[in-house]
Amino acid sequence: MEELANNVSPDTKFEQIIAKLPKPYYRDNQSDIVIYHADCRSILPLIPEKSIDLVLTDPFYVPKKNFEWKLFDEFYWDFNKQWLIELRHCLKNEFHLFISFSQNDMARFDFTLRELGFNIKSRIVWNYRNSCKATAADTQFAKTYEFIFHCSSGKKLNFPEKWDDRRFDVKTFAIPQSNFSEGKLHQFQKPLKLWNEIIEFSSNGNELILDPFLGAGTTAYCAKKLNRKCIGIEIEECYCEIAANRLRQGVLI
């Protein structure tokens, strides 16, 4: 895939990128945000080289009931390698990449990212306490955290000049619930405040964010609030529509 010229405005470059891709499922008419209903492996190869400033995503979870147990692990990690390999050419020379996943996948993501040449800068812990994920409460400690791996080319983060706890690699935010202002729209939905913080610290206005697993659209929603451009890809049409509706309703918080 060819690399686009750099001597154009961010708006023009975004239009050039979108012109290389299929017609989106939804395009927000108030911002440069598009949603594609597709398997990300079909869209990533079409994105021009060195186009993406930030990737923020939470890879999909495949219900094990759809696979034989002995086949699931092999399928899942082959899939993750495929999309990560396709992602490499999209990234600018200076980029940030954040991938969220469960405790159980930490070791494999650590190995896979390093195997593919990604430089893991931080292993962030998202701590939540309003939902305890334990299937055998009397035999194990309750699960109250997930990982977010941060990979980077070495690009600086936009930390505030005054030191505060937002620099720490442990983030405490509640899991979205139905009675929250942001609602509960997806089983693995991430808190708006957590995603806002990551986007603010790892990108600048008008830069382009990619989420290959958009889900209910939290990345796109936060990008709109923070004046970033965004390409979101989601394989489930029902979640494409949920994400589009969130954007149509405007940014509330």
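Can you give me the number of residues within segment 93-104 that are touching a Phe, Trp or Tyr at 6+ places or on another chain (Cβ under 8 Å) and either surrounded by 14 or more Cβ atoms within 10 Å (Cβ to Cβ) or aliphatic (A, V, I, L, M) (or both)?
Qualifying residue count, segment 93-104: 6.
Please determine, by comparing only the residues of segment 4-45 that are assigned to a helix (DSSP H, G or I) and touching a helix residue (DSSP H, G or I) at 6+ places or on another chain (Cβ under 8 Å), which one is farthest from G217 (Cα to Cα).
So the residue we want is P45.
Let me spell it out: the conditions are (1) assigned to a helix (DSSP H, G or I); (2) under 13 Å from L210 (Cα atoms), and H96 meets all of them except one. Which number is the exception?
Single failed check for H96: (1).
Any chance segment 154-171 includes a residue that's assigned to a strand (DSSP E or B) and either modelled with pLDDT under 90 or loosely packed, with under 12 Cβ neighbours inside 10 Å (or both)?
yes
In this structure, is D53 modelled with pLDDT of 95 or more, farther than 22 Å from L113 by Cα, acidic (D, E) and surrounded by 13 or more Cβ atoms within 10 Å (Cβ to Cβ)?
no
Of these, F147, F60, which one is surrounded by 13 or more Cβ atoms within 10 Å (Cβ to Cβ), in a loop (DSSP other than H, G, I, E, B) and either under 19 Å from the mean Cα position of the chain (by Cα) or at pLDDT 85 or above (or both)?
Among F147, F60, only F60 is surrounded by 13 or more Cβ atoms within 10 Å (Cβ to Cβ), in a loop (DSSP other than H, G, I, E, B) and either under 19 Å from the mean Cα position of the chain (by Cα) or at pLDDT 85 or above (or both).
Out of (1) acidic (D, E); (2) touching a Phe, Trp or Tyr at 6+ places or on another chain (Cβ under 9 Å); (3) modelled with pLDDT of 95 or more, the odd one out for E86 is which?
The failed condition is (2).
If you go through segment 196-243, how many residues are in contact with a strand residue (DSSP E or B) (Cβ under 7 Å, 6 or more places away or on another chain), outside any helix (DSSP H, G or I) and not charged (D, E, K, R)?
Of the residues in segment 196-243, 14 are in contact with a strand residue (DSSP E or B) (Cβ under 7 Å, 6 or more places away or on another chain), outside any helix (DSSP H, G or I) and not charged (D, E, K, R).
In segment 175-216, which residue that is modelled with pLDDT of 95 or more and in contact with a Gly (Cβ under 7 Å, 6 or more places away or on another chain) is surrounded by the most Cβ atoms within 10 Å (Cβ to Cβ)?
Of everything passing the filter in segment 175-216, L214 is surrounded by the most Cβ atoms within 10 Å (Cβ to Cβ).
What tally of residues in segment 222-245 results from selecting those that are of a type outside the set (V, I, T), in contact with a Cys (Cβ under 9 Å, 6 or more places away or on another chain) and buried (at least 24 other Cβ atoms within 10 Å of the Cβ)?
6
The values are calculated or read from the model by the stated rules, or taken from the named source; none is laboratory data. Note that the structure is a prediction, hence the values are computed from the model and not measured. We place every Cβ from the backbone using ideal geometry, glycine too, and count neighbours over all the protein chains shown.
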